[in-house]
Every structure is written in C-alpha cells, then in structure tokens.
1. If you count only protein heavy atoms with a 1.4 Å probe, what accessible area per residue comes out for the range 1-77, rounded to a whole Å²?
2. Just for the Cα atoms in the range 57-124, what are the lengths along the principal axes, largest first, rounded to whole Å?
3. Summing +1 for each Lys or Arg and -1 for each Asp or Glu, what net charge is found among the other residues whose Cβ lies under 13 Å from the Cβ of W105?
4. Looking at the P(r) of the range 1-148, how many percent of alpha-carbon pairs lie beyond 24 Å?
5. Once Rh for the range 26-83 is found with the Kirkwood sum over Cα pairs, what is the Stokes-Einstein diffusion coefficient at 37 °C and 0.692 mPa s, in µm²/s?
6. What does the charge count around R35 come to, taking other residues whose C-beta lies under 14 Å from its C-beta (Lys +1, Arg +1, Asp -1, Glu -1)?
7. If we count every other residue with Cβ under 14 angstrom of A26's Cβ, Lys/Arg +1 and Asp/Glu -1, where does the sum land?
8. Can you list the residues, at least 5 places off or on another chain, whose amide H is less than 5 Å from the amide H of E57, using H built in the peptide plane?
Amino acid sequence: MPIDPVVMLAEELRIAERSLQEVRRANAGVYRLDRVEKANKLLARITRLHEQLFETEPASALGAGELVRLSAQHLPFSQSNYASHLNEIADRLSEGKRLHSDLLWLRAFSSALRLGLCGESGTRTTTLLTRAIRGAAKPVLVWRDVLPGHMPAMTDERRADMPQ
C-alpha cells in the first residue's frame with residue numbers, strides 16, 4: 001500500500017522548516033547573502049508545500065492526524081485550549097485510533113470555525129479540518145484470501161466441531 005500523500009508532504013514541510021531555522025540561526029551570527037537567498041528559496045518551498053497540503057485529501061487516519069495537527073498550529077494563541085484538544089485527537093489518529101467522539105468533536109469545531117469563532121485563521125483551519133474529517137471517516141477494508149492448496153487438512157476432530 002502506498003504511503004499517504006499527506007504524511008509525505010507533512011514530513012517534507014518539517015524538513016524544510018528545520019532547514020530554514022538552521023539557515024536563519026547561521027545567518028544571525030554572520031550575515032551572508034548566499035544564506036539569505038537559500039532562506040528565500042526555502043520560504044518559497046514551504047509556501048508551495050502548504051498549498052499542496054491544503055489541496056491534498058488524506059488516504060488514512062495517519063494523514064488525517066497530520067492535517068489535524070497542522071490545523072492546531074493555525075489557531076491563534078487565544079484558542080490554545082482548542083489547539084491542545086486538536087493535538088490530542090491528532091495523536092490518537094496517528095496511532096490509528098479513529099474514535100467516533102473525536103469525529104463528532106471535529107465536525108462541531110469545524111462548524112464553529114465556519115461561524116467565525118477564530119476570524120481569518122478559521123477559514124484555513126476549517127479547510128484542513130474538513131479534509132481531515134473526510135480522511136478519518138473513510139472505512140478501512142481488510143480482505144484476506146486463502147490460496148487453493150494451502151488449506152489445512154480436515155482432521156476428524158475439526159469435522160466434529162463443524163455444524164451439520
């Protein structure tokens with residue numbers, strides 16, 4: 001099964017943000033023009049990755065967890081209690097736990113954001129949450145097949161256990 005595209009984008013985003021921090025730290029000591037150009041390229045890459053994340057639908061609970069975590073980062077500081085709850089949900093989704101209560105809370109919170117709870121940042125957060133909810137609500141199919149010729153032999157004990 002291919003990896004969730006949201007997980008790949010989120011990891012690329014983390015790597016780019018870490019690289020940007022390193023460049024900024026190095027440039028704070030001794031200013032160099034080549035580092036500024038590198039920082040500008042990294043900023044452009046981070047912007048592109050954010051745009052891709054806003055357009056990508058998660059294929060699993062793991063990808064949905066990444067979007068929920070990213071939406072928590074977009075909330076203003078005054079909504080930090082909601083951000084911590086979103087991070088708890090993201091942790092559960094990252095572990096593969098899809099709780100019905102979490103989906104209900106995410107839907108209610110997304111509706112509240114649409115009504116203007118968080119202002120400008122609410123529209124971006126709502127977009128991320130809507131995609132995360134769709135990804136987390138997808139059913140998981142488990143299919144197993146027994147290959148012919150690989151079935152265990154029926155013993156007299158097993159035949160006795162079978163219903164008639």
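The values are calculated or read from the model by the stated rules, or taken from the named source; none is laboratory data. All values reported here derive from a predicted model rather than from experimental measurement. Cβ placement follows ideal geometry from the backbone for every residue including glycine, while neighbour counts extend to all protein chains displayed. Calculation scope for accessible area: heavy atoms of the full protein, side chains included, ligands and nucleic acids excluded. Shrake-Rupley method; radii C 1.70, N 1.55, O 1.52, S 1.80 Å.
1. Details: 4720 Å² over 77 residues.
The answer is 61 Å² per residue.
2. Ordered largest first, the range 57-124 gives principal extents of 31, 22, 19 Å.
3. Details: positive: R92, R98, R107; negative: E88, D102.
Every neighbour counted, the sum reads +1.
4. Counting every Cα pair in the range 1-148, those more than 24 Å apart make up 41 percent.
5. Estimated diffusion coefficient is 234 µm²/s.
6. The answer is +2.
7. Computed value for this residue: +3.
8. Hits under the 5 Å cutoff: none.
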